[in-house]
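Working notes, beginning with the structure itself.
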């Protein structure tokens, strides 16, 4: 049955998107809309909202890759509809994963023969890789304790307090106790001596980080290996080491090849690395490699008959896209060893430029070291009047996203800004950032100081709350009012999007 | 210093890719190559190798989406360099999904209060008991595996807390499911040290029997998991009956055992095709549901959703508040960094299609499924094992598999380009082998009819071949391409077998020489 419509109701599809009714309606947020809309409208509506997201390439907070060559983008798009887990259907993609694992294992000096296949797999990121490695350690430790007839219900893991959150997740979700070596001022990584002291018979492994999230430093895995070997000889506990090389795994082999941190050290049983950090691939791929077959308990591997053939699987995720694996392989053969080396050298150069520029300003203390992940972490020499949090907010106006944060215990009074130098952060951008930082410093120098470091980064909310929030102190109240007045005055003079 | 070169050593960059030396070298497999190569060469080499992968759209084995509109592809490419976990840097992307279980906001958010759009939409689709502007409790994951592990973790922790409060032992948790569960439940059980109590299947009944399930529940059961859309034959389990029986048992025992619905496939089908079917939060014992965005959510591989009934069902202690890149963000996932593209694509689909769009697509899938099913029935050679109501797929077995079995049909179909898997049922129905065709959005009626024709051709061909001796030996021989030696050592014990093998090989060669098929496996 055809219902006739009057001419004034001209076909919706003739309207250009911005003339159509679709941009007049509020975009659905809670319930699925009843009716469909044309694909162009859907595209436009979403695309426009996403303009308000930060620009990924100016996101100096993240280690994760934000640029790849157009040829690689082509490969990625072509494989976006391949479900990686269908090994039987996509045998070449599966083989590419195996090749990547072999290459990474060799890069880390795994004791595999030239034509022998390494033990490892691709994951969605270092989080999954770490959980799998941790699971393997936990199971091996349990087996050993059972064989010795000892209790195995209280496993623990020793790490530094500077670990990335996924270790804490692993500990909490898999019911392993986390024994953290506390940091101290000027020493922001795990102290090997203290770590080895914390090791007891229930320790499933000691986790060292190559490229601490906070300052980019490499922990001294060699020293840890030596001290732990000695302790193992005394106690007979055989405690192994895991190296979390999420960032550092693709830096150390190219910039510091003589640094011993990988499988060259006998106690290192597994290593994880993020393909999407300095592996130079977009977000969504990580790798974990084990030393030998024995380090990965067979009982954790599932042999399934999923879509018709037997396939072994040991991952937390199942279905996922194939694009990143292919992109990783692309990078390996496209760049090769020399390509990666050049890129890392360039990153270090830009880092040096940035660091020297900051030092020249005389206002900053550089917290990161020269050797490590190419990043610069710096704190204000004098944070009595203004804090790094203010700096961070103000830099946002220029488009730069630079995070500020406090160190973990016991160095909580140190707050730093951190700039990560990725492949696509050229020297030009470094110099521009320096000049913007200088501008910002000049600006905030003219402003009165905010109340205290704590109150500083919640100033936005204080302006909205009632005065009744601080009824006890009238001094505070007055200061608050003054701040508000100034903010209004200053805001009125400037226009800028946060 | 300029080194002069002779003209023959022309600049590598002007060679066409296939004229360059890069296609002469063997591709590195074990070690990273020392030198770089031009990007065009790298692209071409990899692209060419990948041509030998199966065609995703002819992969009838998979539920996972293999086609999306070009507009969506544009959005996906544009978002590929956004790391989804950087909530502070990409607030809009986060808003499209975000986990915000009404935790008192320590979130420093320049745009203001956040709403989790996709999670809300899906929660409403599942009739979660929410007010109109109340935010739902849920999270986007990489797939249903992660979603199930998170849901399982929540149940385990809730149960442990309950037992601790009662002063009872909490070291032997178990979970009750059917033997037809997808492997990730077994993974969950093994990795998180929970015992898996499986309700066995039986001939003719390939899903979990609610009665048997409830019988298996004991005080250590953290939850009962029902599947909406069994992997094997697409059936929906009777969650309502399970809810009724379990409610009764809970009244008697006081154990409060909850239900989780694994709606990985069915979650985006039931609300559109069978809205009156009660399987979701309308049933009081259902505390969490997972669904795969990348199955009938119509998004490419890499996204799933876990939704909880309300805040209480997600223990606070499992949620981490981290100060990752400068702002506080709550997180409860196993993965951390991952791409944002799929979340954006899911949102695109939800608003682009809306309720009617999804319904239209599911109805088309169902229609095409009927066409395929009837075509197969008409050949008279198959038993249809799947039901009409359920996930749009057709699972079928040969009426007579004495001379040829389903595995052979599957292999032979491969020559035509179709990827149709064959597999045996789990215990206690291992003697039943089925072939399964999944109907996805992009499987049109034309393709369905063509598939029926090709299946008829395959049957015809197999009929002309002599029977293989045993399915096992046949499968082994076919799977190793160089395996003549292996097959022969097996056969050495029985000379009958050897003889028959020779005959088979001779016939096969004879027949394939007669027909010049140009199909690629």
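Rule-based calculations on the coordinates, nothing more; no lab input. From a predicted model like this one, the values you see are computed outputs, not experimental measurements. With ideal geometry, Cβ positions are generated from the backbone for all residues, glycine too; neighbour counts draw on all protein chains shown.
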Shielding score for A:170-178, defined as the mean number of other chain Cβ atoms within 10 Å: 3
Three-way shape label, region B:258-344, alpha-carbon gyration tensor, a/c 1.5: oblate
Residues residue B:367 and residue A:51, FRET efficiency given R0 of 51 Å [Cβ-Cβ distance, rounded to 0.05]: 0.80
Value of [θ]222 nm, deg cm²/dmol, for chain A, DSSP H segments ≥ 4, -39500 (n - 2.57) each, nearest 500: -12500 deg cm²/dmol
Prolate/oblate/rounded call for region A:30-103, Cα gyration tensor, a/c under 1.5 rounded: oblate
Separation of alpha-carbon centers, region A:129-200 and region B:235-261, rounded to whole Å: 39 Å
Potential extension, residue B:431-residue B:457 segment - 0.36 nm per residue separation minus Cα distance: 6.8 nm
Extension reserve of the residue A:384-residue A:193 stretch, reckoned as 0.36 nm per residue once the Cα distance is removed: 65.3 nm
FRET E, pair residue A:233, residue B:27, Förster distance 51 Å, beta-carbon r, rounded to 0.05: 0.70
Region B:166-252: antiparallel DSSP beta bridges as a percent of all, rounded to 5: 20 percent
Label-point gap, in nm, between residue B:377 and residue A:438 - each point 7 angstrom along Cα→Cβ: 8.2 nm
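Could you tell me the relative contact order of region B:135-262? Use alpha-carbon pairs under 8 Å, at least six residues apart, and round to a whole percent. Numbers along the way, then the final one.
Details: 171 pairs, mean separation 29.7, N = 128.
RCO, region B:135-262: 23 percent.
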Overall form of chain A per C-alpha gyration tensor (a/c, 1.5; a/b vs b/c): oblate
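Report, as an integer, the average count of C-beta atoms from other chains found within 10 Å of each Cβ along B:342-353.
Taking all residues of B:342-353 together, the mean is 5.
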FRET E, pair residue B:278, residue A:152, Förster distance 51 Å, beta-carbon r, rounded to 0.05: 0.70
Beta bridge orientation in chain A: antiparallel %, DSSP, nearest 5: 60 percent
For region B:185-212 and region B:274-321, distance of Cα centres in Å: 20 Å
Whole-Å distance, taken between Cα centres, linking region B:328-353 and region A:230-286: 30 Å
Chain A - percent relative contact order, Cα under 8 Å, separation 6 or more: 18 percent
Point-to-point label distance, residue B:247-residue B:202, nm (Cα→Cβ direction, 7 Å offset): 2.7 nm
Shielding score for B:21-32, defined as the mean number of other chain Cβ atoms within 10 Å: 5
Region B:108-206: relative contact order in percent, alpha carbon pairs under 8 Å with at least 6 residues between: 20 percent
Inter-probe distance in nm under a simple model that places probes 7 Å from Cα toward Cβ, at residue A:34 and residue A:341: 6.7 nm
